[in-house]
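Reviewing the structure listed below.
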């Protein structure tokens, strides 16, 4: 958020953004969206997976067997945004929506097939990814990313399914050893949201400045940052003497894909039961 804030502070339209890193405003990461809705903060970064029930449409981004990069996935989300996703954000002004780098399977035990995960406890950020973990035969444990290092270190969880970019930002290579990096998992969406009343009371010039520096362009920047961090994460794991990237055979990879396909089909059926046109949404999201 810092570069975005700097641009707006220097836009010459009287905007002054003051940042409060971490939890200085109060509360924990899962409460970020609620703080924006209630006006406790004017702008907050939020991970929709933490509050899955509020973002059923947004979490189409987590569905497996889709795009190869977060940039492609982010562009696809904005392509279907007005038709399928905007209803998730009626209470706020959405400034950006992007995907993290594609999740990898990281464990302390050497894993080559889904069967190797049976009985292991894996950290998950969302209900939907938890369904994938269950499909693999593992046990999902929900927790915010900042708690994951300690949970791995203490053996509370045996691994995680998350983008390898976190290896550097959260130092996970210090507490997990084996990484599978080439599975067709979905992407974890992230958002930047603004309190609706705070936006509405701005002058036309101030709104124009925010609109110019938000939306698709800002979102693609976020996705690009994660793609760059993914490359850095893979390089860091490759260089360390105590971590390794597991190279799967074609037959092993097929076993993972079969499990992911089952999870994807079940996922679509579940959301269809809730009255959402999820089959159509997924089809249009994945249309290249």
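The values are calculated or read from the model by the stated rules, or taken from the named source; none is laboratory data. Just so you know, these numbers come straight off a predicted model, no measurement behind them. Don't worry about glycine lacking a Cβ; one is built from the backbone with ideal geometry, like all the others, and counts go over all protein chains shown.
Okay, here's what the table says:
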read-out: Complete set of residues in region 172-193 that are touching a strand residue (DSSP E or B) at 6+ places or on another chain (Cβ under 7 Å) and part of a helix (DSSP H, G or I); value: 172
read-out: Identity of the residue in region 76-85, in contact with a helix residue (DSSP H, G or I) (Cβ under 7 Å, 6 or more places away or on another chain) and either assigned by TED's automatic domain parsing to the domain that holds residue 259 or in a helix (DSSP H, G or I) (or both), that ends up farthest from residue 287 (Cα to Cα); value: 85
read-out: Test: residue 248 is more than 30 Å from residue 85 (Cα to Cα), touching a residue at least 24 places away in the same chain (Cβ under 8 Å), in the same structural domain as residue 158 (by TED's automatic domain parsing) and in contact with a strand residue (DSSP E or B) (Cβ under 9 Å, 6 or more places away or on another chain); value: yes
read-out: Test set (1) within 20 Å of the chain's Cα centre (by Cα); (2) in a helix (DSSP H, G or I) - residue 252 fails condition number; value: (1)
read-out: Any hit, region 164-171, residues being assigned to a strand (DSSP E or B) and in contact (Cβ under 8 Å) with a residue 24 or more places away in the chain; value: no
read-out: Residue among 151, 138, 96 that alone is more than 18 Å from the chain's Cα centre (by Cα), buried (at least 22 other Cβ atoms within 10 Å of the Cβ) and either without any contact (Cβ under 8 Å) to a residue 40 or more places away in the chain or within 22 Å of residue 30 (Cβ to Cβ) (or both); value: 138
read-out: Residues of region 200-235 classified as surrounded by fewer than 13 Cβ atoms within 10 Å (Cβ to Cβ) and not in a helix (DSSP H, G or I), total; value: 2
read-out: Failed item in (1) surrounded by 14 or more Cβ atoms within 10 Å (Cβ to Cβ); (2) within 18 Å of the chain's Cα centre (by Cα); (3) farther than 23 Å from residue 129 by Cβ, with residue 86 passing the rest; value: (1)
read-out: Some residue of region 148-156 being more than 21 Å from residue 9 (Cβ to Cβ), at pLDDT 95 or above and not in a helix (DSSP H, G or I); value: yes
read-out: Among the candidates 47, 40, 17, residue that is closer than 16 Å to residue 190 by Cα and either in contact (Cβ under 8 Å) with a residue 40 or more places away in the chain or surrounded by 14 or more Cβ atoms within 10 Å (Cβ to Cβ) (or both); value: 47
read-out: Test set (1) more than 21 Å from residue 85 (Cα to Cα); (2) outside any loop (DSSP other than H, G, I, E, B) - residue 119 fails condition number; value: (2)
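Yes/no matrix, rows are residues, columns are (1) more than 30 Å from residue 177 (Cβ to Cβ); (2) touching a strand residue (DSSP E or B) at 6+ places or on another chain (Cβ under 8 Å); (3) assigned by TED's automatic domain parsing to the domain that holds residue 200; (4) not in a strand (DSSP E or B):
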position: 12; (1), (2), (3), (4): yes, no, yes, yes
position: 26; (1), (2), (3), (4): yes, no, yes, yes
position: 32; (1), (2), (3), (4): yes, yes, yes, yes
position: 60; (1), (2), (3), (4): yes, no, yes, yes
position: 68; (1), (2), (3), (4): no, no, yes, yes
position: 87; (1), (2), (3), (4): yes, no, yes, yes
